[in-house]
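Participant: One structure, pasted below without further comment.
Laboratory data are not the source of any read-out in this text; all were calculated from the coordinates shown. Predicted model, so just to flag it, every value in this text is computed and none were measured. Note that we place each Cβ from the backbone using ideal geometry, even for glycine, and neighbour counts take in every protein chain shown.
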Amino acid sequence: MADFYLSSESIECESALINSRKPTIGAIIEIDQIGRCRKYTCDLNSSAQIVKELFPKPLHGTLKDTSKLDLDDKLVCQALFLFVQGIKNLKFSVINLSGRHKAQEATTKSFTYAEISKPFEHVIHAIENRNKKYLKNS
């Protein structure tokens with residue numbers, strides 16, 4: 001159970017909870033290991049959290065060796081893309097994400113791969129500043 005914020009971080013799971021203020025349905029693509037998948041891009045404060053792990057749980061990810069596979073692992077970012085096995089569109093429902101901003105939420109029910117395409121810039125700057133301070137003190 002951890003949150004991930006950096007570019008190229010990814011998760012793979014059997015079911016994921018997706019939140020985004022601007023989800024966009026993409027094309028159907030063929031992936032060798034998985035089959036036909038629907039591609040989605042999520043923009044403006046997006047997140048993807050593992051709700052159901054892969055079973056049996058592989059040692060490494062199917063599409064990317066560094067994918068996170070544990071229950072409740074979560075990607076938090078400005079934008080992400082995901083592949084969901086199958087050709088049916090996800091049904092997004094409108095939720096209140098904060099006091100003023102609405103978002104859309106969906107739960108996938110088949111193999112899901114999500115990857116951060118655009119991290120939050122303020123998080124990147126905070127990590128860089130922390131690393132500079134750590135190196136300076138060493």
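Participant: Which of (1) over 10 Å from the mean Cα position of the chain (by Cα); (2) closer than 24 Å to residue 126 by Cα; (3) not hydrophobic (A, V, I, L, M, F, W, C) is the odd one out, the single condition residue 10 does not satisfy?
Facilitator: Status for residue 10: all satisfied but (1).
Participant: Given the residues 118, 133, 102, 109, which is the only one that is over 29 Å from residue 35 (Cβ atoms), basic (Lys, Arg) and touching a strand residue (DSSP E or B) at 6+ places or on another chain (Cβ under 8 Å)?
Facilitator: When all the criteria are applied, what remains is 102.
Participant: Among the strands (runs of 3 or more DSSP E) confined wholly to segment 8-79, which include 2 or more residues that are surrounded by 15 or more Cβ atoms within 10 Å (Cβ to Cβ) and of a type in the set (A, V, I, L, M, F, W, C)?
Facilitator: Ranges flagged: 10-13, 15-20, 35-52.
Participant: Which one of 133, 91, 109 is under 19 Å from residue 80 (Cβ atoms) and without any contact (Cβ under 8 Å) to a residue 40 or more places away in the chain?
Facilitator: 91
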